[in-house]
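Asks: Please find one structure pasted underneath; my questions will follow.
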Amino acid sequence: MIRKREVAKRVFSFEFSRSTHQIQGDGVVKYLLTPLGERLNRVFIVGVLLEKEEIGADTNFWRLRVSDPTGSFYATVGKFQPEALEIIGDLNVPELVAIVGKPRVFEGVSRKLISLRPENIAVVDLAVRDYWVLETARRTLERIEAMEKRENEDAKLAWQIYNPDLNEYIEVVKKALMSVKEDVEVMEKIEEPERAEEEEEFDFTGFEFEEEEFDLSDLLEE
Amino acid sequence: MSRAEKLTDQILEKLKNSDVRVKREDILKRMRLLVEEFKVPESEAVKTIMNYLVKEYGVPREELFERESPLVKISEIVKPNQWISLKAKVVQLWDSNSPNVSQVGLIGDETGIIKFVIWAKAGMNEVEEGKSYLFKNVVTDSFQGRMQVNIGRTSKIVEISEEINLPPREMEIIGAIVSFQQNSGLIKRCNICKRVLSKGLCHEHGKVEGYDDLRVKAVLDDGLNSYEIILNEENIKELVGMSLEDAIRIAQENLDRNSVLSELKQRLLGRYFAVKGIRGGRYLLVRDISFHKPESKDFEELLEALV
Ligand SMILES: [Zn+2]
């Protein structure tokens, strides 16, 4: 019997990278439990591709780092991700990408690294990044509310395992929303035809971001 | 559940309101013998067993053979193994990937849409998209947790002229296309039956010349649910400005039909869309689709709620 397709959940890297606990679902399906009590089997993320590195010469095995306004996602692409591999040669750094993929936990000596195995990668535009941040903020806030109310079994389990500081998550969501809101406002001004002239000097060729906004600590550690 | 078990339950369902008590094991044993061991055609096996029930159990003949299946609306279909009749419009035909299936797709009435399967051995004339029919004596079934109707040899399909409207309540979903499915892009269809060709072959009509068509089968995901959608030539043209003629030209210039698929993936995959349509199971019948982007007030509202 074919299972119902797993929905691609929306999580910020801040929450994703702190998810270490795996749950066995029905049959062979595994889920990653996030600190806010979401079950992940598939995720959809959007961010800036900051690194693309082939691990070893001509292995066609790639490591990616993608940043959203809250931190970084890591991803590995190899021969078992043929559709993602197909596009990897066309990806530039830095560039906005959307990734659909499955979470994977690497057990290190001292800590766990949470990574993504992309099923699909697409180069996207700012509107996609903007909407992703908006809907991921909404979902995250819903999860925070469910945590506050200890609404379901997964929320209770997340409290037990992670005991998260919910205020910290609210601040992260706020910051993410603020950073993108400004971009959206700029775009709206540009798109107003009568104001096009006075905005002419504004060069909006790429995705603007400030490195300080991202959590680069684990990169610096290496 | 095996076919023999299903057929057994379908017979038992006919006797639901009867006074006669029949042992399920008794019918099932006979059904297995006929269908699985002797490979008797299913309809023959059913007929044989019904005759046996008339003779041995004294079931009134008309209860088994003449039983009219009630005319129902799609929203009333909630249980498997019910014999029913439906007036519905064919809203979408899909490619069947099984030689046992003649046609598969979605039918709808004003209460909903549902998947239907016409089995090849039913020997029916083919139905057409956009036309309405009376589907008589069809049986409900549950497949992967979703209801569908099966049209078999004892069913009847009669075209009707009355106008059937689809549900007035459309849903609007904002989601991302997270996956392209097989047979997307520039495809070839059979000249006779419109089925999608696989390696130049129609599994009904064999080697045919075929004609070009442009479409995308994809998965739309809003983070809460995922929906299978089909974008036709018109949808694609509206979204990315590519017509069938453009697609054929792109394929010719690149000497590769797959280049159309690559281009469509580049422009649609990972993007957000606002889709208006009707939901049936895990399928979303697209009425209207456009790219979606947020407005700054969406952010403001959310931020205000946080203060
Ligand atoms: Zn054909």
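Asks: Can you name the condition, by its number, that residue B:239 falls short on among (1) exposed (fewer than 15 other Cβ atoms within 10 Å of the Cβ); (2) under 30 Å from residue B:110 (Cβ atoms)?
Replies: The failed condition is (1).
Asks: Tell me, which residue of the stretch B:16-33 that is without any contact (Cβ under 8 Å) to a residue 24 or more places away in the chain and in a helix (DSSP H, G or I) is surrounded by the fewest Cβ atoms within 10 Å (Cβ to Cβ)?
Replies: Once the filter is applied, the top-ranked residue is B:25.
Asks: Could you grab me the full set of residues in the stretch B:144-156 that are of a type outside the set (Gly, Ala, Ser) and either assigned by TED's automatic domain parsing to the domain that holds residue B:43 or in a loop (DSSP other than H, G, I, E, B) (or both)?
Replies: B:144, B:153, B:154
Asks: A further question follows. Restricted to the stretch B:202-224, and to residues that are free of Cβ contacts under 8 Å to residues at least 40 places away in the same chain and more than 14 Å from the ligand (Cβ to nearest atom), which residue is farthest from residue B:287 (Cα to Cα)?
Replies: Within the stretch B:202-224, the match that is farthest from residue B:287 (Cα to Cα) is B:212.
Asks: Checking residue A:52 against (1) surrounded by fewer than 20 Cβ atoms within 10 Å (Cβ to Cβ); (2) more than 24 Å from residue A:131 (Cα to Cα): exactly one of these is not met. Which one?
Replies: So residue A:52 meets the others, but not (1).
Asks: Another question, if that's okay. Please indicate, with yes or no, whether at least one residue in the stretch A:79-86 is closer than 18 Å to residue A:41 by Cα, buried (at least 19 other Cβ atoms within 10 Å of the Cβ) and not hydrophobic (A, V, I, L, M, F, W, C).
Replies: So the first thing to find is which residues in the stretch A:79-86 are closer than 18 Å to residue A:41 by Cα, and the list is A:80-81, A:84.
Then keep just the ones that are buried (at least 19 other Cβ atoms within 10 Å of the Cβ); that gives A:81, A:84.
Going one step further and asking which of them are not hydrophobic (A, V, I, L, M, F, W, C), we end up with A:81.
Yes, because at least one residue in the stretch A:79-86 is closer than 18 Å to residue A:41 by Cα, buried (at least 19 other Cβ atoms within 10 Å of the Cβ) and not hydrophobic (A, V, I, L, M, F, W, C).
Asks: Looking at (1) touching an Asp or Glu at 6+ places or on another chain (Cβ under 6 Å); (2) assigned to a strand (DSSP E or B); (3) touching a residue at least 60 places away in the same chain (Cβ under 8 Å), which is the only condition residue A:37 fails?
Replies: It fails just one condition, (2).
Asks: Condition first: among the small types (Gly, Ala, Ser) and surrounded by fewer than 19 Cβ atoms within 10 Å (Cβ to Cβ). Can you find one or more residues in the stretch A:108-124 that meet it?
Replies: If we filter the stretch A:108-124 for residues that are among the small types (Gly, Ala, Ser), which is where we start, we get A:108, A:110, A:115, A:122.
With surrounded by fewer than 19 Cβ atoms within 10 Å (Cβ to Cβ) added as a condition, the list becomes A:108, A:110.
Within the stretch A:108-124, one or more residues are among the small types (Gly, Ala, Ser) and surrounded by fewer than 19 Cβ atoms within 10 Å (Cβ to Cβ).
Asks: Please determine, by comparing only the residues of the stretch B:34-44 that are part of a helix (DSSP H, G or I) and more than 27 Å from the chain's Cα centre (by Cα), which one is surrounded by the most Cβ atoms within 10 Å (Cβ to Cβ).
Replies: Of everything passing the filter in the stretch B:34-44, B:34 is surrounded by the most Cβ atoms within 10 Å (Cβ to Cβ).
Asks: With A:83, A:119 as the choices, which residue is in a helix (DSSP H, G or I) and within 11 Å of chain B (Cβ to nearest Cβ)?
Replies: Residue meeting the stated conditions: A:83.
Asks: Sticking with this one: Given the structure, is residue B:291 buried (at least 21 other Cβ atoms within 10 Å of the Cβ) and within 30 Å of residue A:43 (Cα to Cα)?
Replies: no
Asks: Would you confirm, using the coordinates I've provided, whether residue B:199 is within 16 Å of the ligand (Cβ to nearest atom), at positive phi and loosely packed, with under 13 Cβ neighbours inside 10 Å?
Replies: In short, yes.
Asks: Something else: Test residue B:234 against the stated conditions and say whether it is outside any loop (DSSP other than H, G, I, E, B), without any contact (Cβ under 8 Å) to a residue 60 or more places away in the chain, out of contact with any helix residue (DSSP H, G or I) (no Cβ under 7 Å at 6 or more places or on another chain) and more than 16 Å from the ligand (Cβ to nearest atom).
Replies: Yes, satisfied.
Asks: Inside the stretch B:254-274, can you point out the residues that are of a type in the set (Lys, Arg) and either closer than 16 Å to residue A:100 by Cα or out of contact with any strand residue (DSSP E or B) (no Cβ under 8 Å at 6 or more places or on another chain) (or both)?
Replies: B:265, B:267, B:271
Asks: Taking the condition modelled with pLDDT under 90 and surrounded by fewer than 18 Cβ atoms within 10 Å (Cβ to Cβ), does residue B:142 pass?
Replies: Here the answer is yes, as residue B:142 does meet what is asked.
Asks: Anything in the stretch B:256-293 that is within 8 Å of another protein chain (Cβ to nearest Cβ), free of Cβ contacts under 8 Å to residues at least 40 places away in the same chain and either in a loop (DSSP other than H, G, I, E, B) or β-branched (Val, Ile, Thr) (or both)? List them, or say none. Can you show your working first?
Replies: Just the residues of the stretch B:256-293 that are within 8 Å of another protein chain (Cβ to nearest Cβ), to begin with: B:265-266, B:269-272, B:282, B:291-293.
Within this subset, residues satisfying the condition of being free of Cβ contacts under 8 Å to residues at least 40 places away in the same chain are B:266, B:293.
Across the stretch B:256-293, the qualifying residue is only B:293.
Asks: When you scan the stretch A:135-149, do you find a residue that is within 14 Å of another protein chain (Cβ to nearest Cβ), assigned to a strand (DSSP E or B) and without any contact (Cβ under 8 Å) to a residue 60 or more places away in the chain, even just one?
Replies: Looking for residues that are within 14 Å of another protein chain (Cβ to nearest Cβ), assigned to a strand (DSSP E or B) and without any contact (Cβ under 8 Å) to a residue 60 or more places away in the chain, one finds none in the stretch A:135-149, hence no.
Asks: Picking from B:177, B:229, B:187, which residue would you name as being away from the ligand (no atom under 11 Å from the Cβ), assigned to a strand (DSSP E or B), over 18 Å from the mean Cα position of the chain (by Cα) and within 14 Å of chain A (Cβ to nearest Cβ)?
Replies: Numbers: B:229 fails: over 18 Å from the mean Cα position of the chain (by Cα); B:187 fails: within 14 Å of chain A (Cβ to nearest Cβ).
None of the other options fit; the residue is B:177.
Asks: For residue B:13, all conditions in the list (1) outside the structural domain of residue B:149 (by TED's automatic domain parsing); (2) in a strand (DSSP E or B) hold save one; what is the number of the exception?
Replies: (2)
Asks: Can you name every residue in the stretch B:61-93 that is part of a loop (DSSP other than H, G, I, E, B) and surrounded by 14 or more Cβ atoms within 10 Å (Cβ to Cβ)?
Replies: Across the stretch B:61-93, the qualifying residues are B:67, B:69, B:73, B:77, B:80, B:81, B:82.
The values are calculated or read from the model by the stated rules, or taken from the named source; none is laboratory data. Keep in mind that this is a model prediction, so the values were computed, not measured. Please note: Cβ atoms are built from the backbone with ideal geometry, for glycine as well, and neighbour counts cover all protein chains shown.
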